[in-house]
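The block underneath contains the structure these notes are about, expressed in structure tokens.
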Amino acid sequence: MRILLVEDQTLLRQHLLQYLSDCFPGSTITEAKSLADLKQLSAQNTSFELAVVDLDLPDGNALEWIGQETLKPNAPKIVILSAEHHEYVIYKALHANVSGFVHKNDEHAILLTALRAVLDGGYYFSPSVNVLRQKIQRAPDFFLKILSTREQHILRLVAQNYSDTEIAAELSLKMASVGSHRKNIMSKLDLHTRDQLVAYGKEKGFDRVSSS
């Protein structure tokens, strides 16, 4: 079996490499430490049956790669292994067509359960991940209950410090429309300044995902 291991922290990657080798003897395991590594593997049309993927990489979030990879006919079964806690990132990860999601605070046995489940054609989201999902969904201020898709796009760009001019160009909107949307977002979130809006976006993780 061909396995892709995506993890930028050296000690943890080496530990996971040994763990996967022990759990799946005879497998070929390829390591990646960054989005650049993943893009290089994609350009080489390197295929894998299983990918264990950390989200937070030095040069970006792996959700960008996951979104592209899952569209391919030979896409691997992807299990996210992440310490992520930002609301927006978790939501996007849970809707990214992955086969599993295990939190780094979970035990080894849970990771192995997830890997075996997805290799058998199933899905597995660890109990701690499901707790995070339920907590987010039940929150009265869950962004999905408050903001439209367009407003989420704009908030993502605001959190990434785009100016109104840059947002208008990015989303093909008029400047007046961007200003109107931004004011509506601030009103819905009970925020009063652009700095507060940027801080909110960063707190929820809107700045950590490159596309919506």
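Values for this structure:
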quantity: Residues of segment 113-136 satisfying the condition of being over 17 Å from the mean Cα position of the chain (by Cα), free of Cβ contacts under 8 Å to residues at least 12 places away in the same chain and surrounded by 12 or more Cβ atoms within 10 Å (Cβ to Cβ); calculated: Thr113, Arg116, Lys135
quantity: Where Leu144 falls short, out of the listed (1) under 19 Å from Glu84 (Cα atoms); (2) aliphatic (A, V, I, L, M); (3) in contact (Cβ under 8 Å) with a residue 40 or more places away in the chain; (4) buried (at least 17 other Cβ atoms within 10 Å of the Cβ); calculated: (4)
quantity: Helices (runs of 4 or more DSSP H) contained in segment 1-85 and holding at least 3 residues of a type in the set (S, T, N, Q); calculated: 10-23
quantity: Residues (touching a residue at least 24 places away in the same chain (Cβ under 8 Å) and touching a Ser or Thr at 6+ places or on another chain (Cβ under 6 Å)) located in segment 80-112; calculated: Asn97, Val102, His103
quantity: Checking Gln196 against (1) buried (at least 16 other Cβ atoms within 10 Å of the Cβ); (2) farther than 25 Å from Leu81 by Cα; (3) at pLDDT 95 or above, the condition it does not meet; calculated: (1)
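The values are calculated or read from the model by the stated rules, or taken from the named source; none is laboratory data. Quick caveat, the model's predicted, so the values are computed rather than measured. Heads up, the Cβs are rebuilt from the backbone with ideal geometry, glycines too, and the neighbour counts pull from every protein chain shown.
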